[in-house]
Structure formats: structure tokens, C-alpha cells
Amino acid sequence: MWPGPAGPTSSRARGGVVGSGTVVPVGAAESRRTATTVPDPTTTTLAVLLIGPAGAGKTSVARYWADRRRVPTAHISLDDVREWVRSGFADPQSGWNDHSEAQYRLARRTCGFAARNFLANGISCILDDAVFPDRPVVGLGGWKRHVGPGLLPVVLLPGLDVVLERNAERTGNRRLTDEEVARIHGRMAGWYGSGLPIIDNSQLDVPGTARVLDEVLARAIASPPSW
């Protein structure tokens with residue numbers, strides 16, 4: 001079984017994560033032991049949703065984390081799945097409309113279907129998406145509905161200067177204007193106070209961020225509040 005939902009309460013911490021979880025005994029027999037056994041996130045079958053603005057490093061971190069797990073793990077990027085549509089692709093940069101919303105919903109359902117199949121076969125998965133806290137259509141509810149109640153959401157939110165620098169290195173339709181990056185980053189600040197764990201990876205490289213992600217997941221597995 002993969003674990004329940006995540007989200008120790010967090011607050012801003014540059015270069016790391018703030019949040020705590022209390023390890024709860026899982027039964028009477030375990031409570032009599034000298035220490036409570038906590039599931040190891042590096043060997044547990046689980047589903048993780050990595051949230052963040054463009055330039056947060058979601059895809060790089062998700063791919064690195066999946067590559068180095070000790071159990072089979074898949075990486076599913078919503079942007080990659082959306083771009084499976086080659087003719088008639090509705091680019092949100094041209095304006096969010098009914099077509100782009102329909103294609104987003106379809107891509108999310110496709111990602112959720114794939115994740116459930118992986119999990120049913122004992123394969124963990126990490127998904128990445130720019131989920132906005134103030135927009136229900138692209139909110140967490142849809143991901144929870146499509147993947148399952150055990151989904152573990154974690155937010156990557158480095159400083160604006162960092163995401164602008166990373167965005168400048170992008171090409172094609174993945175590169176946004178500075179104004180759009182700043183707007184998205186500002187909206188993502190709404191995750192503070194949401195109860196979700198937030199990692200400020202401004203001063204962390206990809207391996208360092210992946211290590212912090214494992215620490216966050218260990219706490220989330222041990223003490224999973226509702227979200």
C-alpha cells in the first residue's frame with residue numbers, strides 16, 4: 001500500500017524547508033518497542049506531486065529523484081503529456097481559453113491514469129505540474145481525484161531571481177516572458193500557509209533538493225495531515 005496524503009505545515013525558509021511531523025505509533029505492539037519504525041521514503045511505493053512555478057526546477061528534480069530511487073519509479077511530467085498533442089495544441093501562453101483548459105484536463109486525467117497503473121504494479125511515480133493555489137480548475141482536487149487520496153504534494157518555490165535566471169535558459173514554448181514568470185511566481189506564494197510542505201531550493205542544486213525532498217516525504221509519511 002502506498003501512504004496517505006502529505007503536508008506538514010511549512011513557512012518560508014531560504015535554501016531549505018521548514019515543517020515538522022510527529023511520528024505516531026502504528027499499533028500497540030509497536031508502541032511497546034524502544035523506537036517506532038518509520039517507512040523509508042527511498043524504498044516505499046508512493047506517488048508524489050511536485051508543484052512549483054516555471055523555473056523552479058520541478059522537472060530536473062523529479063527526473064533526478066526518480067533515476068536514483070532504490071525501487072522502480074516513473075516520472076510523469078504534465079507539460080510533456082500536454083505536448084503529445086502536435087496539431088491543434090492550445091498554448092496557454094496565447095491566452096487561457098476553453099481549448100487550453102480542455103487539453104489541460106485531458107492531460108491531467110492521462111497522467112492520473114498512468115500513475116494509477118504504475119502504482120497498481122508496484123511502481124512509484126513522481127508527477128510535476130504548476131498547480132496554482134488560487135485557481136480551482138488547475139487545483140489539487142483534480143490531481144487527488146485522478147491519482148488517489150495517497151498523493152503526496154510538495155511545493156518547490158525558489159526566489160524570483162532564481163526562476164527568472166532559469167527561465168532565461170529555456171527554449172521554445174517552455175520559455176516565458178519575465179512578466180509572466182513574475183506573475184506566476186507571485187501567485188505561487190499563496191501556498192505559504194496552505195499546510196503543504198514547501199522547499200525553497202534557491203541555494204540548493206538538484207541533488208541537494210532531492211535529498212531535502214526525501215526528508216520532507218519521510219515526515220509526510222510519518223504524520224500525514226489532511227489536505
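Any read-out appearing in this document is the output of simple, stated calculations on the displayed coordinates, not a laboratory observation. All values reported here derive from a predicted model rather than from experimental measurement. Don't worry about glycine lacking a Cβ; one is built from the backbone with ideal geometry, like all the others, and counts go over all protein chains shown.
Give me the Å³ per residue figure for the convex hull around the C-alpha atoms of the stretch 174-213.
99 Å³
Separation between the R63 and R187 pseudo-spin-labels, each 7 Å from Cα along Cα→Cβ, expressed in nm?
For the pair R63/R187, the computed spacing is 2.5 nm.
Can you work out the FRET efficiency for the pair N117 and D40, with r the C-beta to C-beta distance and R0 = 30 Å, to the nearest 0.05? Please list the in-between numbers first.
Working: r = 24 Å, r/R0 = 0.80.
Calculated transfer efficiency: 0.80.
Let's test the formula: R0 of 41 Å, r as the Cβ-Cβ distance of E169 and E101. What FRET efficiency results, to the nearest 0.05? Mind dumping the intermediate values first?
Values: r = 29 Å, r/R0 = 0.70.
For R0 = 41 Å, the calculated efficiency reads 0.90.
By the scheme Lys and Arg +1, Asp and Glu -1, what is the net charge of all other residues having a beta-carbon under 13 Å from that of R63?
-1
Estimate the FRET efficiency between S202 and V85 by the formula 1/(1 + (r/R0)^6), using the beta-carbon distance for r and 41 Å for R0, to the nearest 0.05.
Details: r = 34 Å, r/R0 = 0.82.
Between S202 and V85 the formula returns 0.75.
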